[in-house]
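The values are calculated or read from the model by the stated rules, or taken from the named source; none is laboratory data. Source: prediction; values computed, not measured. Glycine also receives a Cβ, built like all others from the backbone with ideal geometry; neighbour counts cover every protein chain displayed. Side chains are part of the model used for accessible areas, which takes the heavy atoms of the whole protein and leaves out ligands, DNA and RNA. Shrake-Rupley method; radii C 1.70, N 1.55, O 1.52, S 1.80 Å.
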Amino acid sequence: MNYKYFPLFFIVLLMSFTNLPNKFNSAEINSKTETNSVSKNVSIYNQLDANSFVLPSFDCFNLALDGFHLLKEKGLVQKNILTVIDFSLSSNMKRLWVIDLDKKIILFQTLVAHGRNTGDEFANQFSNKAASFKSSIGFYATAEIYDGKHGKSLKLDGLEKGLNDKARERAVVIHGADYVSETFIKQNKRLGRSQGCPAIPVEMNAKIINVIKDKSCLFIYHPSAANQIISGLAS
């Protein structure tokens, strides 16, 4: 070995080892951040008072809460009210929850319809296109109340480009519908379907709208598109 180059070789070798911990530390920090987020969400989930209802799945709640915090930081939602819809469940089940994150209590759990072209009993196809008659997944901010053909209704602003950002122009809103009822299920073996709106029972409509109106967070979940939802929030 040519010893006159040894100091230079030693410096390069030292620099390469010096860089290694930074890479490992970065991965470790990201891993710890994710772990801390999940741990916090688990803690909140375990503190929730179901209030005689059934809790949503943790997978759905975990993603919903992560998105809620991100949107709250951006100022896109304001209230500490989180509405979760789990479209992985049968439409014959009560798959909409309204959660008060301050009091850590479930306020409502009820039936909710998906779009007629999204599926029969189960939701499996989603779209952001006009006249698709399909539901759109992802995060929304609730907006203003208006009186429409279904009576009291609540406008929604889709917050994820390509997933649900056409919601307002598609007139995807929360409204009551008589086809969202236990009676309809008994007669047809499945819940009725909308033109893409998350329609709810008529008797629950005003109660829920009054609580979630004016920039609260609404999250529509389906596990098949979880990665798309995450990407949509990050963009």
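Surface analysis of region 137-235 yields an accessible area of 46 Å² per residue, using protein heavy atoms and a 1.4 Å probe. Extending 7 Å from the Cα toward the beta-carbon at both residue 181 and residue 73 defines two label points whose distance is 4.5 nm. Global dimensions of region 69-115 from alpha-carbon coordinates: Rg and Dmax equal 12.5, 35 Å. This model, with +1 at the C-beta of Lys and Arg and -1 at the C-beta of Asp and Glu, gives region 87-235 a dipole about its Cα centre of some 220 debye. Amide H to amide H distances under 5 Å link residue 108 with 98, where only residues 5 or more positions off or on other chains count and H is placed in the peptide plane.
If you take the Cα centroid of region 47-76 and the Cα centroid of region 147-212, the two points sit 20 Å apart. Over the Cα atoms of region 84-144, the radius of gyration divided by the Kirkwood radius equals 1.02; this is the Rg/Rh ratio.
Classified by the C-alpha gyration tensor, region 124-186 has an oblate form. Its axis ratio a/c, with a ≥ b ≥ c, is 1.5 or above, and a/b does not exceed b/c.
Strictly over 22 Å apart at the Cα level, which of 40/94; 79/149; 74/215; 40/72; 134/186; 72/161 would you flag in this model? From the list (40/94; 79/149; 74/215; 40/72; 134/186; 72/161), the Cα-Cα distance tops 22 Å for 40/94; 79/149; 134/186.
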